[in-house]
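Down below is the structure, laid out as structure tokens.
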Amino acid sequence: MAKPKKKYVCQNCGAISHRWEGQCAECGEWNTLVEEAGDTVFAAKHNLQTGGREVRFVGLDTEIQLPDRKKTGIEEFDRAVGGGLVAGSATLMGGDPGIGKSTLLLQVSAKLADAGCSVAYISGEEAADQVRLRARRLGLGKASVQLASATSVRDILTTLGKNPPDFAVIDSIQTMHSDLIEGAPGTVSQVRASAQEIIKFAKQHGTMVMLVGHVTKDGNIAGPRVLEHMVDTVMSFEGERSHQYRILRSIKNRFGGTDEIGVFAMEEMGLSEVQNPSALFLTDRHEEVTGATVFPALEGTRPVLVEIQALTVRLASGATPRRSVVGWDSSRLAMILAVLEARCGLSFSGAEVYLNIAGGYRLTDPAADLAVAAALISAHAEKPMPSDAVIFGEISLSGEIRPVSNTALRLKEASKLGFGKALVPASKGKTTDGVNVVNFGKLANLVDHMLSRD
Ligand code: TYD
Ligand code: MG
């Protein structure tokens, strides 16, 4: 048998290197390589083509058994996870520290317990008393949730195995420790090994398991990123800590689609459901401000109206202008600025540009291009957009405005919230009652339209 080789595993991306390096060659992070016990390398003398058991094939058209889904009764949660949790499934809940993962899962636990499920909540981060205190604060002190503070996977699974619960929360996977593996909790191999055992338990006993995972600054689920392929569902709980709103988004779902979101507001008494997100993201609007536009974003099949704000500040010549973006992709902003300059003759090179998506919302919908462009034009020309207008469309480098998906849905939401005008890409007659639609084929047309407005 060959001697086990040393290996160094990047704690950020999981890449393996055979010698220590200061910087990970895969992801470029510094000081993330940690030595972990090597795998034993067997000589490849066994032929894998004989000696196995036969695998049974079935046709694609065989009867399907749809998984049973357990609804929690928290509608926004159920919608985001694809209609409820599946027995025996493992779900990873990622999010920044302090965003509200423990709060949400405690509320989910209490709801499921009220519905008659047996529920275990295991915290590796807080003492049971702390969790209980939080439950009291949330008004959930009476729910029959079994609480424990533990970090040893062996202890936890031994205990749960005696009476497997219907639902178990492991908060968080980075604090768990498997004694089968060397290394401190939180290292990639510990996180992976602990999760593997817990997931195996879930499958064997039909327990719905929720693993909490903190994310790193760049938005990847730290360490647990290597878990993404092991679990059935990956959820991400997002928002700005300084804002109230939280969005539960599904990133991967083996049992359903990933395009629905759940919207919550963090309040004194925990997370409350937000059934009409548009009204919420638009609350603080003032009439006719320059640089502000309203964009009907689409989250899955759900339209959400958000306000985009741009501010430009002229600089004395010579200084390097800042571009600052909150809630949107900064390289996308650079592209829009370039297209405005090259195709429409609007120069921002002597101005600082600030772009903000109101309410702590993070936009990923490509249809935001046109709304951002309009906000920039409006700020630049100091001409406000009409306060009852929404705007959307994708912009190409050539300055064309491309049609986007679900125009009708976006218009309907706008109309529902009292918007009477929509600036949209040219496309064949989709109109919604009550919305006056203006079509644009080129960004230059929009610039002309906005600059000519009194
Ligand atoms: P928490 O669920 O502990 O976050 P995570 O588990 O993702 O790290 O929630 C953290 C924040 O939420 C905390 O800073 C305070 C706030 N919070 C409220 O505003 N209201 C509440 O009812 C609770 C329980 C927490
Ligand atoms: Mg927590």
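The values are calculated or read from the model by the stated rules, or taken from the named source; none is laboratory data. Keep in mind that this is a model prediction, so the values were computed, not measured. All Cβ positions, even for glycine, are placed from backbone atoms using ideal geometry, and neighbour counts span all protein chains on display.
When only residues in segment 79-88 that are in contact with a Gly (Cβ under 9 Å, 6 or more places away or on another chain) and assigned to a loop (DSSP other than H, G, I, E, B) count, which is surrounded by the most Cβ atoms within 10 Å (Cβ to Cβ)? Only one residue tops the list, namely VAL81. Taking segment 158-180 as the range and being crowded, with 18+ Cβ neighbours inside 10 Å and either within 29 Å of CYS10 (Cβ to Cβ) or small (Gly, Ala, Ser) (or both) as the test, the residues that pass are ALA168, VAL169, ILE170, ASP171, SER172, ILE173, GLN174, THR175, MET176, HIS177, SER178. Considering every residue within segment 89-99, establish whether at least one is within 16 Å of ligand 1 (Cβ to nearest atom) and in a helix (DSSP H, G or I). No.
Of all the residues in segment 259-278, those that are within 21 Å of THR364 (Cβ to Cβ) and touching a residue at least 40 places away in the same chain (Cβ under 8 Å) number 8. Comparison of GLY141, GLY206 shows that the only residue that is more than 16 Å from ligand 2 (Cβ to nearest atom), at pLDDT below 90, of a type in the set (Gly, Ala, Ser) and surrounded by fewer than 19 Cβ atoms within 10 Å (Cβ to Cβ) is GLY141.
Entry remark, segment 262-279: residues being under 16 Å from the mean Cα position of the chain (by Cα) and surrounded by fewer than 20 Cβ atoms within 10 Å (Cβ to Cβ) number 1 in total. Scanning segment 303-326 for residues that are assigned to a strand (DSSP E or B), farther than 25 Å from PRO277 by Cα and at pLDDT below 90 yields a total of 1.
ARG134 satisfies every condition listed in (1) more than 16 Å from ligand 2 (Cβ to nearest atom); (2) free of Cβ contacts under 8 Å to residues at least 60 places away in the same chain except (1).
One line per residue, one yes/no per condition, for (1) on the phi < 0 side of the Ramachandran plot; (2) assigned to a helix (DSSP H, G or I):
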position: TRP328; (1), (2): yes, no
position: ALA334; (1), (2): yes, yes
position: VAL339; (1), (2): yes, yes
position: SER349; (1), (2): yes, no
position: LEU355; (1), (2): yes, no
position: GLY359; (1), (2): no, yes
position: ARG362; (1), (2): yes, no
position: ALA373; (1), (2): yes, yes
position: SER378; (1), (2): yes, yes
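In segment 225-247, the residue that is nearest to the chain's Cα centre (by Cα) out of those that are among the basic types (Lys, Arg) and within 30 Å of SER278 (Cα to Cα) is ARG246. Among residues of segment 100-154 being small (Gly, Ala, Ser), part of a helix (DSSP H, G or I) and under 18 Å from LEU271 (Cβ atoms), the one that is farthest from ligand 1 (Cβ to nearest atom) is ALA113.
From GLY82, GLY51, grab the single residue that is on the phi > 0 side of the Ramachandran plot, more than 24 Å from the chain's Cα centre (by Cα) and away from ligand 1 (no atom under 16 Å from the Cβ).
Details: GLY82 fails: more than 24 Å from the chain's Cα centre (by Cα).
Answer to the check: GLY51.
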